[in-house]
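The values are calculated or read from the model by the stated rules, or taken from the named source; none is laboratory data. Predicted, not measured: the structure shown is a model, and the values here were computed from it. When we count neighbours, we look across all protein chains shown, and the Cβ atoms used for this are built from the backbone with ideal geometry, even at glycine. Side chains are part of the model used for accessible areas, which takes the heavy atoms of the whole protein and leaves out ligands, DNA and RNA. Shrake-Rupley method; radii C 1.70, N 1.55, O 1.52, S 1.80 Å.
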Amino acid sequence: MNPIALTWVLVGKDLKIEYRSRQAYLTTVFFALLILVIFNFAFDPGSPATREAAPGILWVALLFPGIIRLNRSFQVEMEEGTLYGLILSPADRGVLFLGKFLANWFLLIVVDLLVLLAFVIVYNFSFSVQLLWIALLIVLSALGFSAVGTLLGAMVSTIRTREVMLPVLLFPIILPIILPAVNGTQEILLAQEIQSLGRSVELLVAFDVIYLAAGFVLFDYVVAD
Amino acid sequence: MPDPSVPLLRLSKVTKRFGVIRAVWNVDLEVSQGDSLAIFGPNGAGKTTLLRIIASLTQPTSGEIEFAFKGDNQSRNRVGYVSHLSLLYNELTGFENLLFYARLYDIQEAHDRAAEMLAKMGLEGARNQRTGEYSRGMKQRLTLARALLHEPQLLLLDEPYTGLDQHGSRLFTEVLRGLKQEGRTILLVTHNLGEGLELCDRVMIQNRGELVFQARGEHLDKSGFEKLYFQAVEEGGER
């Protein structure tokens, strides 16, 4: 089977499992909504301080639930040892990574866009074309997040403290994508004029390429033992 | 096809350490085409680690492993692995699981092959049932079907009887006996002496990582093997 077809077989398998279980998906969305609501109570609604903190709050609500998604992704593979089933197969390990990464990326984007929708409602921002720019930042940051998360998720999948280890390892590594994403969001939501958004997008794309290439190459070593 | 004069699998001085723990120690082993070999040993003897090394799920600390079939992908294509974990997705049906693995192994006519293996294991009736709803015995038969999808030359079985009731064990043994008659090479790791002796022509005992005893079926007094086993394990324990 050619690598592209095999990648889609792997993606299809993960999406089917996620659709049928739904449990982790709902938990992830609910956790994100909870973060938005709690922060909304913590600040005075409608105050300038809340609006200024809003971009940060949005990214907290996007990143922490994302960890649940990544943990779930490899939890499924460890329940019955299916990760070993994948590793034992003659399929190229880079392709195994791509399949897992694409499924994680897709599922993360869906959750993140729902969170963005809830954010606009809870924090009383208007629905405008500018939200499409935030959606772009979300899609790009979710790519890097999923690439590093898939690699690290495989790495910590066999250890007992994986739920804790994954964020501890992941967040420092993805700082280069969190910072431009938050800065870009701040500019879109708060600035009178958009000037440096292009720079944030460039940074995100550059780090996405690096993380994706690293994941593709290193996955073989990560699962080798 | 491998050269019959060359062993299908050869391990030379294979050792695996986890920190200070010696899981597998200095193991020399040859397995020929058509062999059925049982490795017995108590818990923690290193049997599973040895099998994982052969399956290339873990790398040995030292020593060499040679397959008659060359190349990493070749060996992965020629080895089937069954463990006490099913390696099946609970949310997928029996058929979907087999179809997924058939595609992973690039098997032509994947649909037909998956259906054929379900029928062979007597699971046609449960084709569209999620494997999470299977009984332990059904799941283990499906596991075997998964391991045999790509017609491996070497079948590795790690404690395959774990959790099976008597009926399930008997069914499973019948399937394995059929495979043995087909001439498949079987390497079974278990602490269930009865099942292992019934099925295999060669037996070995592993204790504290080392292979401390080996014999061929024709030279083996099966009725006295239990005594011999405990003797070998206790002697190993005193080292």
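For segment B:135-150, indicate whether the set of residues that are touching a helix residue (DSSP H, G or I) at 6+ places or on another chain (Cβ under 8 Å), open to solvent by 40 Å² or more (accessible area, probe 1.4 Å) and either within 8 Å of another protein chain (Cβ to nearest Cβ) or among the basic types (Lys, Arg) (or both) is non-empty.
yes
Could you list, in sequence order, the residues of segment B:74-91 that are over 22 Å from B:Gln129 (Cα atoms) and free of Cβ contacts under 8 Å to residues at least 24 places away in the same chain?
Result: B:Gln74, B:Ser75, B:Arg76.
Within the bounds of segment A:83-92, is there any residue that is among the charged types (D, E, K, R), within 14 Å of chain B (Cβ to nearest Cβ), in a helix (DSSP H, G or I) and surrounded by fewer than 17 Cβ atoms within 10 Å (Cβ to Cβ)?
Checked against the condition, which is being among the charged types (D, E, K, R), within 14 Å of chain B (Cβ to nearest Cβ), in a helix (DSSP H, G or I) and surrounded by fewer than 17 Cβ atoms within 10 Å (Cβ to Cβ), segment A:83-92 yields no hits at all.
Whether any residue in segment A:156-163 is at negative phi, surrounded by fewer than 17 Cβ atoms within 10 Å (Cβ to Cβ) and assigned to a helix (DSSP H, G or I) is what I want to check.
Checked segment A:156-163: at least one residue is at negative phi, surrounded by fewer than 17 Cβ atoms within 10 Å (Cβ to Cβ) and assigned to a helix (DSSP H, G or I).
If the requirement is being more than 12 Å from chain A (Cβ to nearest Cβ), touching a residue at least 40 places away in the same chain (Cβ under 8 Å) and not polar (S, T, N, Q), which of these qualifies: B:Ala55, B:Ala45?
B:Ala45
What number of residues within segment B:4-63 are assigned to a loop (DSSP other than H, G, I, E, B) and farther than 28 Å from B:Glu226 by Cβ?
The qualifying residues number 15.
If we keep just the residues of segment B:81-102 that are in a strand (DSSP E or B) and more than 9 Å from chain A (Cβ to nearest Cβ), which is modelled with the highest pLDDT?
My answer is B:Thr93.
I need every pair where a residue in segment A:9-22 that is within 9 Å of chain B (Cβ to nearest Cβ) has its Cβ under 9 Å from the Cβ of a residue that is open to solvent by less than 20 Å² (accessible area, probe 1.4 Å) and of a type in the set (S, T, N, Q), sequence separation at least 6 or different chains.
Between residues of segment A:9-22 that are within 9 Å of chain B (Cβ to nearest Cβ) and residues that are open to solvent by less than 20 Å² (accessible area, probe 1.4 Å) and of a type in the set (S, T, N, Q), the close pairs are A:Glu18/A:Ser73.
If you go through segment A:188-203 one residue at a time, do you hit one that is assigned to a helix (DSSP H, G or I), of a type in the set (Gly, Ala, Ser) and buried (at least 18 other Cβ atoms within 10 Å of the Cβ)?
Yes: one or more hits.
For segment B:119-134, which positions are within 12 Å of chain A (Cβ to nearest Cβ), open to solvent by 40 Å² or more (accessible area, probe 1.4 Å) and not in a helix (DSSP H, G or I)?
If the condition is that a residue be within 12 Å of chain A (Cβ to nearest Cβ), open to solvent by 40 Å² or more (accessible area, probe 1.4 Å) and not in a helix (DSSP H, G or I), then B:Arg130 is the only one that fits.
Kindly check whether there is at least one residue in segment B:103-118 that is closer than 19 Å to A:Met78 by Cα and part of a helix (DSSP H, G or I).
Yes.
Six or more apart or on different chains, Cβ atoms under 8 Å: show the pairs whose first residue is in segment A:199-225 and touching a residue at least 40 places away in the same chain (Cβ under 8 Å) and whose second is charged (D, E, K, R) and surrounded by 14 or more Cβ atoms within 10 Å (Cβ to Cβ).
A:Ser200/A:Glu187; A:Phe219/A:Arg93; A:Asp220/A:Arg93; A:Val223/A:Arg93
Give segment B:170-193 a look and list any residue that's among the basic types (Lys, Arg) and either assigned to a helix (DSSP H, G or I) or in contact with a Lys or Arg (Cβ under 7 Å, 6 or more places away or on another chain) (or both), or say none.
B:Arg170, B:Arg177, B:Lys180
Quick check on B:Ala232: is it in contact with a strand residue (DSSP E or B) (Cβ under 9 Å, 6 or more places away or on another chain), assigned to a strand (DSSP E or B) and modelled with pLDDT under 85?
For B:Ala232, the condition - in contact with a strand residue (DSSP E or B) (Cβ under 9 Å, 6 or more places away or on another chain), assigned to a strand (DSSP E or B) and modelled with pLDDT under 85 - is not met.
Run down A:Asn2, A:Asn71, A:Asn40 and say which single residue is open to solvent by 30 Å² or more (accessible area, probe 1.4 Å) and touching a residue at least 12 places away in the same chain (Cβ under 8 Å).
It is A:Asn40.
Quick check on A:Leu102: is it crowded, with 23+ Cβ neighbours inside 10 Å and either touching a residue at least 24 places away in the same chain (Cβ under 8 Å) or not aromatic (Phe, Trp, Tyr) (or both)?
No.
Just the residues that are open to solvent by less than 50 Å² (accessible area, probe 1.4 Å) and either closer than 16 Å to B:Asn207 by Cβ or of a type in the set (A, V, I, L, M, F, W, C) (or both), please, taken from segment B:49-77.
If the condition is that a residue be open to solvent by less than 50 Å² (accessible area, probe 1.4 Å) and either closer than 16 Å to B:Asn207 by Cβ or of a type in the set (A, V, I, L, M, F, W, C) (or both), then B:Thr49, B:Leu50, B:Leu51, B:Ile53, B:Ile54, B:Ala55, B:Leu57, B:Phe67, B:Ala68, B:Phe69 are the ones that fit.
Any chance segment A:128-151 includes a residue that's under 13 Å from the mean Cα position of the chain (by Cα), within 14 Å of chain B (Cβ to nearest Cβ) and touching a residue at least 60 places away in the same chain (Cβ under 8 Å)?
Taking every residue of segment A:128-151 in turn, none turns out to be under 13 Å from the mean Cα position of the chain (by Cα), within 14 Å of chain B (Cβ to nearest Cβ) and touching a residue at least 60 places away in the same chain (Cβ under 8 Å).
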